[in-house]
Amino acid sequence: MPYTVNKLNGYSATVLDKAFADLRDAFRDEAVCVSDLVQFKAHRDRWLARKNGVLTLVRELWLREAPAEARAEVGKRFNDVKSHIEGLVKTQGMDLELRKLEGSISKRIETVDEWKQAELGDPLDITLPGIRRPIGAEHPVIKTMNEMIGVFRNLGYSVEEGPEIETDFYNFEALNFPPNHPARDTQDTLFIAGQESKPLRDRLLLRTHTSPVQIRTMQKMKPPVRVVCPGKVHRNDAPDATHSPIFHQIEGLAVDTNITFCDLKGTLDHAMKAMFGSSVKTRFYPSFFPFTEPSADVQISCIFCDGKGTRDGAPCRNCKASGWIELLGCGMVDPNVYGFVDYDATKVSGFAFGMGVERIAILKYGVDDIQLFFQGDVRFLEQFG
Ligand SMILES: [Zn+2]
């Protein structure tokens, strides 16, 4: 028989003792039967609801009905039992919430329906710790590329990008490569298959350098031009510690009136000092590229042995004991190139340079295998985070 509140038959201490003891016992007997949150809520409402809850009925039938001389005593006992019951309800509720939470954590939610069900039953608890997602970091190649771009941005250069699949015209012809230049050989260049029926200049290939972007930029922009062109390039190379069929370049181009080789030297010397430290020296060696005349290779003083060629008494491996490391190619833009982009070669002059981003990253971070940049091994990449 569930407990019901009846009128008291008297207000003597004995009657009150028994009535309030029965009340407590009844609450306890019902509370121990509660095993889940649904039962708990029903039990809580039965005892504590303002309207028709057991305690409300006790107040109405025992306290309000009490004769004036007994009212203080009944009131005191009522308040005692009320705070006793409220305290137990609160503790039991918290305990059940906790157990439910532990249960829901140990149970994996696997279907959408289960998820909806869980959401329905579990109001969001904003005091729980959130799900932490590890923050990624820039890839060392991208990081190096952005640093280099930053150096040239500070000199007033803007950034231009272009397609990775290029035509022979942009990749070779407009850059002054003669028709039978060995770079066009499939040994060096990855061509798109099935292009043989097209005229040579329209055939598609994976760009072998970012220089086509320079041509595209000059076609749409009149001098003065100051751009850097970062991006992915491809060569028909088998992967090994120093070669990769894919790598990244940054090229630069400055065209204006009265640009001289001195401007080129000053610009690159500044850029190398900005990248590798102000003590780094540069030197220029004659070289050859179809699209520049004169052309030069740029070497920087070895950053591992400070240009001395020896380290700890032994020959420096990084510069093969020469004290210098070759890093990039450059030159004054060949006047023939201006013919392809409608610039007046008698009025403008300019310089261009290009460098491999992986090569710089390898030097900067002391990486000994270019393949590490492309394998996606998180243990390697984490070191740059
Ligand atoms: Zn060295």
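Sorting 330-341, 195-206 by their mean Cβ neighbour count within 10 Å, with the most densely packed peptide first, gives 330-341, 195-206. Here the convex hull built on the C-alpha positions of the range 323-385 has a volume of 153 cubic angstrom per residue.
Here the chain carries DSSP beta bridges of which approximately 95% are antiparallel, counting only pairs with both residues inside. Here the range 161-221 is treated as a Stokes sphere of Kirkwood radius computed over C-alpha pairs; at 37 °C and 0.692 mPa s its diffusion coefficient rounds to 280 µm²/s.
Cross-link pairs exceeding 29 Å between alpha carbons, from the set 143/222; 143/273; 320/364; 265/364; 281/347: 143/222; 281/347. Checking Cβ-Cβ separations below 4.7 Å across the chain identifies 33, 229, 262, 330 as cysteines lacking any candidate disulfide partner. Per-residue 3J(HN,Hα) values for the range 294-309, derived from phi via the Karplus relation 6.51 cos²θ - 1.76 cosθ + 1.60 with θ = phi - 60°, read x, 10, 8, 9, 10, 10, 10, 5, 4, 7, 8, 10, 6, x, 7, x Hz in sequence order (x marks Gly and Pro).
For the chain, a Gaussian network of Cα nodes joined below 10 Å ranks 274, 72, 345 by mean-square fluctuation, and the top entry is 72. Annotation: amide H-H contacts under 5 Å for residue 287 (H modelled 1.01 Å from N, sequence separation of 5 or more, or interchain): 295, 296, 297. Averaged over residues, the count of other Cβ atoms within 10 Å places the peptides 166-178, 6-18 in the sequence 166-178, 6-18, highest first. Of all lysines in the structure, the ones whose alpha carbon falls short of 16 Å from that of residue 7, not counting any fewer than 8 places away in one chain, are 18. Under 5 Å from the amide H of residue 139 lies no amide H of any residue 5 or more positions distant or on a separate chain, with H modelled from the backbone and absent for Pro and chain starts.
Taking the accessible area of the chain, probe 1.4 Å, and keeping the other protein chains in place, the carbon and sulfur fraction comes to 54%. Close amide-amide hydrogen proximity is noted between residue 259 and 349, each under 5 Å apart and 5 or more residues distant or on a separate chain (H modeled in the peptide plane; Pro and chain starts excluded).
Within the range 62-104, the GluC sites (Glu not before Pro) that combine a DSSP coil assignment with at most 16 other C-beta atoms in a 10 angstrom radius are 65.
For the range 284-290, 3J(HN,Hα) computed residue by residue from phi via the Karplus equation (6.51, -1.76, 1.60; θ = phi - 60°) reads 10, 10, x, 8, 9, 9, x Hz, glycine and proline entered as x. Among 320, 82, 222, the largest mean-square fluctuation in a Gaussian network model of the chain (Cα springs under 10 Å) belongs to 82.
Working ranking of peptides 53-62, 354-363 by packing, defined as the average number of other Cβ atoms within 10 Å per residue, highest first, is 354-363, 53-62. Protein heavy-atom accessible surface, 1.4 Å probe, per residue over the range 272-360: 48 Å².
At q = 0.11, 0.16 Å⁻¹, what log₁₀ I(q)/I(0) does the range 230-372 have when each alpha carbon counts as one equal point scatterer in the Debye sum? So the normalised log intensities work out to -0.48, -0.94. Both radii come from the Cα set of the range 168-310: Rg as radius of gyration, Rh as Kirkwood radius; their ratio Rg/Rh reads 1.01. Karplus-based coupling profile of the range 212-218, in residue order and whole Hz: x, 5, 5, 4, 4, 5, 5, with θ = phi - 60° in 6.51 cos²θ - 1.76 cosθ + 1.60 and x standing for Gly or Pro.
P(r) tail for the range 202-243: Cα pairs beyond 14 Å make up 60% of the total. Just round it to a whole percent: the fraction of Cα-Cα distances in the chain exceeding 41 Å. Every Cα pair in the chain considered, those over 41 Å come to 48 percent.
The values are calculated or read from the model by the stated rules, or taken from the named source; none is laboratory data. Everything quoted here is computed from the prediction, not taken from an experiment. Cβ atoms come from the backbone with ideal geometry, glycine included; neighbour counts cover every protein chain shown. Each accessible area value is taken on the protein alone, full model and side chains, heavy atoms only, with ligands, DNA and RNA left out. Shrake-Rupley method; radii C 1.70, N 1.55, O 1.52, S 1.80 Å.
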